[in-house]
Amino acid sequence: MSDFQRYSRQVILREVGVNGQALLADSAVLIVGLGGLGAVAAQYLAAAGVGQLLVADRDRVETSNLQRQILYRQGDVGQLKTEAARAQLQALNPQIRIDHYDGQSWREAVALADVVLDCTDNFPARFAINAACVRARRPLVSGAAIRFEGQLAVFDLRRGGPCYRCLYPDQGDTAETCEEAGILGPVVGTVGALQALAALKLMLGLDAQAGRLQTWDALRMQWRSHKMAADPECPVCGEPHV
Ligand SMILES: [Zn+2]
């Protein structure tokens with residue numbers, strides 16, 4: 001099958017074209033967290049022909065993941081998510097390269113990536129990913145979902161604006177988890193798909209709405225868009241005090 005056939009439905013878009021497809025093939029995306037968000041985002045990015053996916057997670061596939069983490073199959077239960085994900089993504093698109101990292105070594109991959117997706121579910125990981133992205137000047141696409149609430153935010157300090165830490169000045173580990181609060185598959189899957197969309201826009205040079213926080217009430221089907229402000233006192237991206 002030729003590349004043109006595989007990607008024809010997106011190559012005919014004026015915003016993509018042959019040049020855009022070549023840009024995607026030359027790009028690398030780091031996905032930290034292969035749960036409900038990352039498992040969906042990874043599939044769309046692999047299918048779109050992003051040349052290299054760097055995936056990071058330390059967990060193994062559990063039966064309770066299968067309700068929403070639709071990258072995995074029953075037979076994957078017990079396997080490392082990175083191994084199971086690589087097999088499935090490579091089966092979907094053998095033309096791309098997939099490298100995997102464990103729970104810690106993703107830090108090495110930040111500088112290798114053109115875009116970083118935060119698909120984790122806890123504040124310590126989110127703060128660490130944000131700090132690494134600020135340091136390496138890499139755009140960050142942050143997603144979160146719990147119960148019937150979703151949120152999406154793009155941070156791109158190359159264009160100024162806030163970082164993730166500006167948004168959450170308190171570094172408490174108070175995030176609720178889906179294990180405690182519950183989640184429906186399509187809610188987290190929608191946010192994961194939108195993270196993939198934002199990543200594609202960043203790679204294609206399209207406006208990814210950096211500096212805006214999008215929140216979604218999935219029960220009432222209402223989206224809100226909020227402008228985020230940079231915090232000059234931010235310990236991560238603020239001017240260092242002398
Ligand atoms: Zn900041």
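Of the helices (runs of 4 or more DSSP H) lying entirely inside the stretch 114-197, those containing at least 3 residues that are within 16 Å of the ligand (Cβ to nearest atom) span 123-136, 164-167. Screening V40 against (1) under 20 Å from A113 (Cβ atoms); (2) at pLDDT below 95 leaves a single unmet condition, (2). When the residues of the stretch 198-242 are filtered to those that are closer than 13 Å to L140 by Cα and assigned to a strand (DSSP E or B), the one that is nearest to the ligand (Cβ to nearest atom) is L213. Go through the stretch 198-220 and give me each residue that's aliphatic (A, V, I, L, M) and either over 16 Å from R14 (Cα atoms) or buried (at least 18 other Cβ atoms within 10 Å of the Cβ) (or both). Within the stretch 198-220, A198, A199, L200, L202, M203, L204, A208, A210, L213, A218, L219 meet the criteria.
The condition (being of a type outside the set (K, R) and modelled with pLDDT under 95) is satisfied by just one residue among D173, D114, D156: D173.
Of all residues in the stretch 111-128, those satisfying the criterion of being within 24 Å of L23 (Cβ to Cβ) and surrounded by 20 or more Cβ atoms within 10 Å (Cβ to Cβ) are A113, V115, V116, L117, D118, C119.
Residues considered: L71, L53. Of these, the only one that is at pLDDT 95 or above, touching a strand residue (DSSP E or B) at 6+ places or on another chain (Cβ under 9 Å) and crowded, with 20+ Cβ neighbours inside 10 Å is L53.
Inspect all residues belonging to the stretch 77-89 and state whether any of them is under 21 Å from P139 (Cα atoms) and outside any loop (DSSP other than H, G, I, E, B). No; the residues of the stretch 77-89 include none that is under 21 Å from P139 (Cα atoms) and outside any loop (DSSP other than H, G, I, E, B). If you go through the stretch 187-215 and pick out every residue that is charged (D, E, K, R) and closer than 15 Å to V50 by Cα, you end up with 1.
The values are calculated or read from the model by the stated rules, or taken from the named source; none is laboratory data. These numbers were taken from a predicted model, which means no experiment stands behind them. Please note: Cβ atoms are built from the backbone with ideal geometry, for glycine as well, and neighbour counts cover all protein chains shown.
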